[in-house]
Amino acid sequence: MSQYFIIDFDSTFTQVEALDELARISLKDHPDRESIYKKIEDLTNAAMEGKLSFSESLEGRVKLLEANQDHLQQLIRHLKKKVSASFSRNKKFFRDHADEVLIVSGGFKEFITPVVTEYHIKKENIYANTFEFDADGNIIGYDHDNPLSQEGGKVKLLKVLDLQGEIFGIGDGHSDFQLKESGMIKTFFAFTENIERKAVAEKADHVTPSFDEFLYLNNFPRAISYPKNRIKCLVVGDVAEEALTALQKEGYNIRHRDTVEDKYLEEAGILFCDEAHQPTAEQLENAPRLKAIGCFGKVNYRQIAETACENGIIIFDDPKYNPRNIEFIPKRVMDFMNEGKTHLSCNFPELQPPRVNNAHRLIHIHKNVPGILAQINEIFASHNINIVGEFLVTNPQIGYVITDVNAGYDKELLTELKQIEHTIKFRLLY
């Protein structure tokens, strides 16, 4: 059965609402710009939440714009920098599914087409409104006959397209949910990476905090193996909010607690703590999902660092109140989570592997005993997988192997790698 992906543009493919951004460009010198911005944003939100018909909202916003062709060119440059992170890193998906991906938006082709065609999306698969201009290039209106300018426009369009197959809908607004409500699509995913509209999320089949999550749920190849929103980051003690900004942008599930409680540590993939709130060695032995600790201060006892290492948990620490901590600790943790880098860890052997494009990266942490690398390579060979890069470093406790391969893999391969004797942790990065 054919599959189609109906994807919204504003606040979904991009992080922002394009008409709102166009207003900020075109009205930047207007004396009443703040009040006009507010009116446009209110009209946008009312339509997205289903409180106002889309046609009324669109007409009201366009009348307030006072925009022209030059403003549109500025907007396009701005939007190209505002593509949602999870869409940007999964560019390969759009290339591989160029015939099945449709951008369906109440926005305008004039700014949508230059942005999405850079992601292998075909012009003929872009459905949106079109502006009307006067002789001087000023926007004076839009094509009211286009179904996407009308209430229920996306439903009207899909009826005309009559797509035969399994249809997925991905968007943040009421007009996206209407496709599910009408029975036109099989599954509606409320996209919340940029904004969560509760009225829409409550009705969705799934809430997807990122495009990675959508691909993961539906077993499609993706840039990262496991969605960041599924990884819990436990924060305990005096950790500056600025230190969490980068993790929040990547979509990690941040949880604040007053103490390092067992039940929360057992669920966590990352722990951020200060010098006064550190886990015990016993807690680390019972934290199977924990991969990395960022300590804003120095680790109190060598036993904590050694137990963490024995359980495949990396620690990055730094002297208490060091001003660089706000950036240093999060960067090291993310470099490990994203690339496998262990540089400046206090308990892991040192490794800074270069990123290899068009490859899959796998991490194997094991007890430092002879013969593990040979077993890893034997498994790859038995599956006819070519290794394009491999790195092994050790300390007295563990061996740490990163392998880059340029072919697909199956679950059997992953299972065999996990089952090698003396394996501590195995992880597929991307």
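Take the conditions surrounded by 15 or more Cβ atoms within 10 Å (Cβ to Cβ) and either in contact with a Ser or Thr (Cβ under 6 Å, 6 or more places away or on another chain) or not aliphatic (A, V, I, L, M) (or both) and apply them to His144. Does it pass? For His144, the condition - surrounded by 15 or more Cβ atoms within 10 Å (Cβ to Cβ) and either in contact with a Ser or Thr (Cβ under 6 Å, 6 or more places away or on another chain) or not aliphatic (A, V, I, L, M) (or both) - is not met.
Each row is one residue, and each column tells you yes or no for (1) of a type in the set (S, T, N, Q); (2) touching a Lys or Arg at 6+ places or on another chain (Cβ under 9 Å); (3) touching a residue at least 40 places away in the same chain (Cβ under 8 Å); (4) in a helix (DSSP H, G or I).
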| residue | (1), (2), (3), (4) |
| --- | --- |
| Asp70 | no, no, yes, yes |
| Arg77 | no, no, no, yes |
| Ser86 | yes, yes, yes, yes |
| Glu110 | no, no, no, yes |
| Ala128 | no, yes, yes, no |
| Lys156 | no, no, no, yes |
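Residues of the stretch 11-38 being farther than 17 Å from Gln74 by Cβ and either assigned to a helix (DSSP H, G or I) or in contact with a helix residue (DSSP H, G or I) (Cβ under 6 Å, 6 or more places away or on another chain) (or both), which ones? Those that are farther than 17 Å from Gln74 by Cβ and either assigned to a helix (DSSP H, G or I) or in contact with a helix residue (DSSP H, G or I) (Cβ under 6 Å, 6 or more places away or on another chain) (or both): Ser11, Thr12, Phe13, Glu34, Ser35, Ile36, Lys38.
Just to be sure I understand, how many residues within the stretch 237-253 are surrounded by fewer than 16 Cβ atoms within 10 Å (Cβ to Cβ) and either part of a helix (DSSP H, G or I) or among the hydrophobic types (A, V, I, L, M, F, W, C) (or both)?
7
Within the option set Ala23, Ala18, being buried (at least 19 other Cβ atoms within 10 Å of the Cβ), under 19 Å from Lys109 (Cβ atoms), out of contact with any strand residue (DSSP E or B) (no Cβ under 9 Å at 6 or more places or on another chain) and small (Gly, Ala, Ser) holds for one residue only, Ala23.
Cβ-Cβ distances below 8 Å connect the following pairs, each with a first residue in the stretch 112-123 that is outside any helix (DSSP H, G or I), a second residue that is not aliphatic (A, V, I, L, M), and a separation of six or more residues or different chains: His120/Lys91; His120/Phe94; His120/Arg95; Ile121/Phe94; Lys122/Asp99. Of all residues in the stretch 162-196, none satisfies the criterion of being at pLDDT 95 or above and part of a helix (DSSP H, G or I).
Residues of the stretch 187-236 that are under 22 Å from Gln15 (Cα atoms), surrounded by fewer than 17 Cβ atoms within 10 Å (Cβ to Cβ) and out of contact with any strand residue (DSSP E or B) (no Cβ under 9 Å at 6 or more places or on another chain): Lys198, Ala199, Ala223. The test for being out of contact with any Phe, Trp or Tyr (no Cβ under 7 Å at 6 or more places or on another chain), among the aliphatic types (A, V, I, L, M) and closer than 25 Å to Tyr216 by Cβ does not hold for Leu417.
Taking the stretch 89-108 as the range and being part of a loop (DSSP other than H, G, I, E, B) and of a type outside the set (D, E, K, R) as the test, the residues that pass are Asn90, His97, Ala98.
Do any strands (runs of 3 or more DSSP E) entirely within the stretch 294-403 hold 1 or more residues that are crowded, with 17+ Cβ neighbours inside 10 Å and outside the structural domain of Thr280 (by TED's automatic domain parsing), and if so, which?
Correct list: 360-367.
The values are calculated or read from the model by the stated rules, or taken from the named source; none is laboratory data. All values derive from a computational prediction rather than experimental measurement. When we count neighbours, we look across all protein chains shown, and the Cβ atoms used for this are built from the backbone with ideal geometry, even at glycine.
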